[in-house]
Amino acid sequence: MISEEVGVVSFEDSTLPCGLSDTTFHNCYLFPGIAVHKNTYVENSVVLKGSILMGCGRITCQKDATYGNGVTINMGNETGGLQVPSFGDLKYNELSSVVDSGVFQNDALPDYLVLNGDLAESILQWGCVFESGSNCAKSILCEHADTSCNAKIVNSIIAPNTGVSSGECNSSLVGPFIGFHHNSVLISALWFEGKGNIGYGANIGSNHTGRLPDQECLPGEGVFFGLGCNIKYPCNLRSAPYTIEIFPGWVIYANYYMVLRNEDKFAHRNKSHRQCFATRILRDSVVAMLMRARDRLAFFHPSKTLFDLSTLEVATTPSATTVYLKEGEWSVDREDSAVYLERDIEGLGKNLLTEHNRKLGVRAYSMMIRLYLLRRVFSAIQTAFERMTDDAMSYASLFALPQWNGMKTLLRQEYGSLLLSQALAAYGSIEYELLRIAENSKRKDFTRGNYVDNSYNTTHNYEKDMSVVYKQRDAVDEKMEVLTNLTNRIITVCGDCELCS
């Protein structure tokens, strides 16, 4: 679908709007302002007023044509897994629920492009690019998804901002921001959160472990399936370790550059106007996973009190954002074991964990948990003081916030006692420590690159790669200046307040 705003094509004395050619149409809407010409087959399609249909082969329509709507997409278990009826207005969110079902709307984006591919019983939403011999059957390509290089898509939903090239995708829910650009296979996968990558030759499709194709894979957010990997089904990687020797928190203490770059990348690559994606990595559900992992590594004794990080209140039922509050004191140090297995720490699976790496993991997870909490505390303080001019009244209104009791509960768990000035110092210390880690992790790439190839610097720009770190440093500097001034104001009027009581 191409809007007339895109432009025209002129040949000799003829002028035609940009359009679609060398394509097979089945169950499609052709919107105003486009030219459909030199196509072999147009079937069960609606051509709206203001379009041109010229020089096509067979043009026909059957009774009860649905134009791609209402087709059942069978994802996951191929023998009858997650069945989703397809509709033009189907929306995708990170909870993977289907909302706003209905018929396709009558607005088309000017950058919608279909060239040289086969579509059957499928729906392409706003801004999609479908080209280069791609084949798509009984599937939905959500807003700003794209396919090319003979991609094969069957019984699948491709979420916004995801591209499929060369590979085969069957019976899968492919989440947002996934790079699927090589010859590889993805079958019976439910990749809800997306934001991952599939390398060349990856075989993610061993769903015939029995006599039926009745197994499935649940990749987690950000999982990278490397070159030539083979995934044995059934497989759940949504909150699982991936290595023989496990390194809890390694991304935090050794590769934080990746976190900064991904946050920046997802925020800038999002072209979808109708969907809402969380591009910030340190959010409620992620911190809940960090807390649960830290609690196991630190051998905490959980209480029976379930706490929701989203509402900052006691919860009655578990969810993605709930954690159990701990009981008693805890310590990182523990010298009674050199190596831990699944029988020692739940969740290790077939992996082993050394005492050294256990301590690193506890410290790394604790650092991110405290950063998350301090960010919320200072955000609440800023909000309270921006609303009022009287500092004393603002501080009183802060303690009147319904979420403040929940914040104090978490602060007591992490710090026991914490003054306002100490909270500011702790916040700045963590933010600048993470920047140092990010800078070191990128510097290691260049050190290793130059060791392997002495021409590495001619093809890699250190300053350009570091721009995301410099951008974050500027943001932290600005934030610290604002919070320092605000903290000094509060201390002048109310004294150095205890935040945990």
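Computed values, structure above
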| quantity | calculated |
| --- | --- |
| Candidate set: region 328-352, residues that are surrounded by fewer than 13 Cβ atoms within 10 Å (Cβ to Cβ) and closer than 20 Å to residue 366 by Cα; chosen: the one modelled with the highest pLDDT | 346 |
| Index of the failed condition, residue 179 passing every other in (1) modelled with pLDDT under 90; (2) touching a strand residue (DSSP E or B) at 6+ places or on another chain (Cβ under 8 Å); (3) surrounded by fewer than 20 Cβ atoms within 10 Å (Cβ to Cβ) | (1) |
| Residues satisfying the stated conditions in region 170-207, i.e. part of a strand (DSSP E or B) and either over 17 Å from residue 139 (Cα atoms) or over 19 Å from the mean Cα position of the chain (by Cα) (or both) | 170, 179, 185, 187, 197, 198, 203, 204, 205, 206 |
| Test: residue in region 463-485 that is of a type in the set (A, V, I, L, M), over 29 Å from the mean Cα position of the chain (by Cα) and under 30 Å from residue 420 (Cβ atoms) | yes |
| Those residues of region 384-431 which are surrounded by fewer than 16 Cβ atoms within 10 Å (Cβ to Cβ), over 29 Å from the mean Cα position of the chain (by Cα) and within 18 Å of residue 291 (Cβ to Cβ), in sequence order | 412, 416 |
| Residue within region 38-59 that is assigned to a loop (DSSP other than H, G, I, E, B), at pLDDT below 70 and surrounded by 15 or more Cβ atoms within 10 Å (Cβ to Cβ) present | no |
| Residue list for region 122-154, restricted to those being closer than 19 Å to residue 30 by Cβ, assigned to a loop (DSSP other than H, G, I, E, B) and more than 23 Å from the chain's Cα centre (by Cα) | 122, 131, 134 |
| Search result, residues across region 123-149 that are within 13 Å of residue 176 (Cβ to Cβ), touching a strand residue (DSSP E or B) at 6+ places or on another chain (Cβ under 6 Å) and surrounded by fewer than 24 Cβ atoms within 10 Å (Cβ to Cβ) | 146 |
| Members of region 234-260 that are aromatic (Phe, Trp, Tyr) and either at pLDDT 90 or above or in the same structural domain as residue 347 (by TED's automatic domain parsing) (or both) | 247, 250, 253, 256, 257 |
| Of the criteria (1) part of a helix (DSSP H, G or I); (2) free of Cβ contacts under 8 Å to residues at least 24 places away in the same chain, which one residue 421 fails | (2) |
| Residue count for region 347-374, restricted to those that are farther than 19 Å from residue 417 by Cα and not small (Gly, Ala, Ser) | 14 |
| Output for region 21-37, where each listed residue is in contact (Cβ under 8 Å) with a residue 60 or more places away in the chain and either over 22 Å from residue 69 (Cα atoms) or among the β-branched types (Val, Ile, Thr) (or both) | 21, 22, 23, 24 |
| Residue in region 280-299 that is closer than 28 Å to residue 343 by Cβ and either modelled with pLDDT under 90 or not in a helix (DSSP H, G or I) (or both) present | yes |
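Yes or no, residue by residue, for (1) surrounded by fewer than 19 Cβ atoms within 10 Å (Cβ to Cβ); (2) free of Cβ contacts under 8 Å to residues at least 40 places away in the same chain:
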{"site": "267", "(1), (2)": "yes, yes"}
{"site": "274", "(1), (2)": "yes, no"}
{"site": "301", "(1), (2)": "yes, yes"}
{"site": "322", "(1), (2)": "no, yes"}
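The values are calculated or read from the model by the stated rules, or taken from the named source; none is laboratory data. As the structure is a computational prediction, the values presented were derived from the model and not from experiment. Quick reminder, even Gly has a Cβ in these numbers, built from the backbone with ideal geometry, and neighbours come from all protein chains shown.
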